[in-house]
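These notes concern the structure reproduced below.
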Amino acid sequence: MLPQLEPVIRRGTAADAEFLAWVMLMASRHGPRGTWDLVVGGDDKECLEYLRRLSLVPGTLCYCESFLVAEIDGQPVSALGTCRFVDGGWAGVGRAMARVQSDLAWSAAAVEASRKRLAPVLACMPADAGADWCIEFVATLPQHRRRGLVDALMRQAIQCGIDRKCSLAQIQIMIGNNPAQKAYEKAGFTVFDECRSPEFQAVVGSPGFRRLLRKL
C-alpha cells in the first residue's frame, strides 16, 4: 500500500466544477459506461460539460457545495457528495438536470432519448429505506488511490451527517464494485439490500445496485 496522506478536506466551490464533473462521471462507472453516459448519450467531453453545468445548479446532491473535497498540495484529488435527502436528493437532481438540458438547448427528441436510455437504471433503483443522509459520487484520481483519502472523506461525511441531526446514512454502489464496498464497510456501513435487472446489466455491465446503510 502507498503511504497514507494527510489531506486538507474542505467544501467544494464553483472553482472545483471541472474536477467534480470528473468525480461524478467516474463514480457512475463500473465498466466502460455508467449512468451519466446514458443520460448524455455522448462522449466523455460532452458528459463532463453536462456535469460541470450540473455542479453549478444549487440545492442538490450534485451541487459543488454539496461535495467534500480532499486536497493535496493545494490540488483537489478526491471527493464525495453529501446531502440531506429533504434538501435536494434525487428528485432535486432531476429538476437540475432538466435545467441543464434546457441551457444546452436539448430538443424534445433528445430529452426523450435520454429518458429511454436511462429507463433500465431508474427501474433498478431500490425503494426508500428511511435514510435521511446521502453519500454519493466517491472518486479519487488514479495516482492518489490507496492512500487513505476515501477513509478521511468518509469520516468527515459521517460527521457532517451527525452535525445535521441525521440518523441514518445511505450509500449506493453497483454490484461487483468490491473495493468500494470494502471501503464503505470499513467506515461502518453494512449491506441493506440490492436490486438486480438483466436490462440494467445489459446497459452498464453490472447486475444492479447494492445499498449500504449506517446509523449516525
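We did not get these values from a lab; they are worked out from the coordinates using the rules stated. Just so it is clear, the model here is predicted, and its values are computed rather than measured. Here Cβ is always computed from backbone atoms with ideal geometry, including for glycine, and neighbour counts include all displayed protein chains.
Of S197, S206, S167, S66, the sequence from fewest to most neighbouring Cβ atoms within 10 angstrom is S167, S197, S206, S66.
Using a Gaussian network model of the chain whose springs link C-alpha atoms within less than 10 Å, name the residue from W133, W90, W22 with the highest mean-square fluctuation. Looking only at W133, W90, W22, the biggest GNM fluctuation is shown by W90. Ordering D43, D151, D16 from the fewest to the most neighbouring beta carbons within 10 Å gives D43, D151, D16. Lys/Arg Cβ at +1, Asp/Glu Cβ at -1, dipole of the chain taken about the Cα centre: which of P179, V57, F189 is farthest positive-ward? Projecting each Cα onto the dipole axis, the largest value belongs to F189.
The GNM of the chain, with springs linking C-alpha atoms under 10 angstrom apart, assigns the highest mean-square fluctuation among Q170, Q75, Q143 to Q143. Mean sequence separation of contacting Cα pairs (under 8 Å, at least six apart), scaled by the length of the chain, corresponds to a relative contact order of 23 percent. Using every pair of separate Cα atoms, the Kirkwood estimate puts the hydrodynamic radius of segment 105-216 at 15.6 angstrom.
P(r) tail, segment 16-88: Cα-Cα pairs separated by more than 18 Å, 39% of all pairs. Counting only lysines at least 8 places from K182 when in the same chain, those with an alpha carbon closer than 20 Å to its own are K215. Helical content alone sets the calculated 222 nm signal of the chain at -12500 deg cm²/dmol, taking -39,500 (n - 2.57) per DSSP H segment of four or more residues and averaging over every residue. By the count of other C-beta atoms within 10 Å, a proxy for reagent exposure, L141, L153, L104 are ordered fewest to most as L104, L141, L153. Counting Cα-Cα pairs of segment 8-215 in 10 Å increments starting at 0 gives whole-percent bin shares of 9, 36, 41, 14, 1. Taking the Cα centre of the chain as reference, the dipole from Cβ charges on Lys and Arg (+1) and Asp and Glu (-1) amounts to some 420 debye. Computed over Cα pairs, the Kirkwood radius of segment 62-131 leads via Stokes-Einstein (0.890 mPa s, 25 °C) to a diffusion coefficient of 167 µm² per second.
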